[in-house]
Amino acid sequence: MPEIEAKILDIDPDRLRLRLAELGAPRSFAGELHAIFFSHPADDLAARGAVLRLRREGEATVLTYKERMPDHDPALKVLDEREVGVADFAGMREILRGLGYREMKSTRKFREQFELPGAHVVIDSYREELAYIPVFCEIEAASEARLYAVAETLGYTRDQLSAMNSFELAAHYAKR
């Protein structure tokens, strides 16, 4: 299923929370996300714009495979995404290791997720080794048009949208 999203960097999280409250957007999640990204020596996922991620979202665990879809606005990240719920985070981690996958990166962040019609709006704050990355917003919407409309409603312009993934985000802020 296509996932259409964009980040907005260097936000004022208090201002964004206030705007979401004005819009009546309920908060649907608040908690820690722990993600581990995997690669395989026989298949360079990153080289073909793909990622395999195991993530604990509060009490839930999800295994996700994503691959970039071509021919979209470069300010947006449009991915073919497949997710499955997993009962045991540690057990799935060991299965992936047993299949020859290597852990490329592990991240922890605190996420607040809010709901608007046809869109999720999240405020993410990395922890631990990526804590140098400032708080940012991510909008995921059912269509490109809806994503642009939500961004505008929140007070952001198309020029402020970024398609950076977590690796690119880390590199971007490490250079500052």
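With R₀ set to 35 Å, the beta-carbon distance separating Ala131 from Asp73 gives a calculated FRET efficiency near 0.70.
Between Glu152 and Glu59, what FRET efficiency comes out of the Förster formula 1/(1 + (r/R0)^6) with R0 = 45 Å and r the beta carbon distance, rounded to 0.05? Display every interim value, and only then the final one.
On the way: r = 35 Å, r/R0 = 0.77.
For Glu59 and Glu152, the calculated efficiency is 0.85.
Of the listed residues His34, His172, the order by accessible area with a 1.4 Å probe, largest first, is His172, His34. For the stretch 48-133, the dipole from Cβ point charges (+1 on Lys and Arg, -1 on Asp and Glu) about the Cα centre works out to 380 debye, to the nearest 20.
Ligands, DNA and RNA aside, Val121 has an accessible area near 0 Å² when probed at 1.4 Å.
Using the 1.4 Å probe convention, the accessible area of the stretch 47-176 works out to 52 Å² per residue with neighbouring protein chains retained. Surface composition of the stretch 84-145: carbon plus sulfur atoms hold 56% of the accessible area, using a 1.4 angstrom probe and ignoring ligands, DNA and RNA. Three principal axis extents describe the C-alpha atoms of the stretch 103-150; from largest down they are 34, 21, 14 Å.
For the stretch 7-63, take the convex hull of the Cα atoms, compute a quarter of its surface area, and give me that in nm², please.
Working: hull surface 23.6 nm².
Its Cα hull, projected and averaged over all orientations, spans 5.9 nm².
Gain on full extension, evaluated as 0.36 nm per residue between Ala42 and Ala21 minus their Cα-Cα distance, stands at 2.8 nm. Taking all protein chains together, Ser162, Ser143 sort by accessible area into Ser143, Ser162, largest first [probe 1.4 Å].
Residue-wise HN-Hα couplings along the stretch 114-123, as the Karplus relation 6.51 cos²θ - 1.76 cosθ + 1.60 with θ = phi - 60° gives them from phi, are 10, 10, 10, x, x, 7, 10, 10, 10, 10 Hz; Gly and Pro carry x. Remark: the stretch 44-126 is approximated by an ellipsoid whose semi-axes, taken from the C-alpha gyration tensor as √(5λ), come to 23, 19, 12 Å, largest first. Sorted into 5 angstrom bins from 0, the C-alpha pair distances of the stretch 76-162 split as 3, 11, 16, 18, 18, 16, 11, 6, 3, 0 percent. Globularity index of the chain is 1.03 (Cα radius of gyration / 2.2 N^0.38 Å, N = number of residues). Rolled with a 1.4 Å probe across the full set of protein chains, the surface gives Ile95 an accessible area near 90 Å².
On the beta carbon distance between Glu103 and His172, with R0 = 25 Å, the FRET formula returns roughly 0.65. Working note: Karplus 6.51/-1.76/1.60 with θ = phi - 60° gives the stretch 24-37 the couplings x, 7, x, 7, 9, 7, 8, x, 7, 10, 10, 10, 10, 9 Hz, where Gly and Pro are set to x.
What number comes out for the charge environment of Gly49, summing +1 per Lys or Arg and -1 per Asp or Glu over other residues with Cβ under 15 Å away? Walk me through the numbers before you get to the answer.
Values: positive: Arg48, Arg53, Lys66, Arg68, Lys77, Arg82; negative: Glu3, Glu5, Asp43, Asp44, Glu67, Asp71, Asp80, Glu81, Glu168.
With Lys, Arg at +1 and Asp, Glu at -1, the neighbours total -3.
Amide H contacts for Ile11 (H built 1.01 Å from N in the peptide plane; partners 5 or more residues away or on another chain; cut-off under 5 Å): Cys137.
The values are calculated or read from the model by the stated rules, or taken from the named source; none is laboratory data. All values derive from a computational prediction rather than experimental measurement. So basically every Cβ, Gly included, is an ideal-geometry build from the backbone, and we count neighbours across all protein chains shown. Ligands, DNA and RNA are stripped out before the accessible areas are found, and what is left, the full protein with its side chains, is counted by its heavy atoms. Shrake-Rupley method; radii C 1.70, N 1.55, O 1.52, S 1.80 Å.
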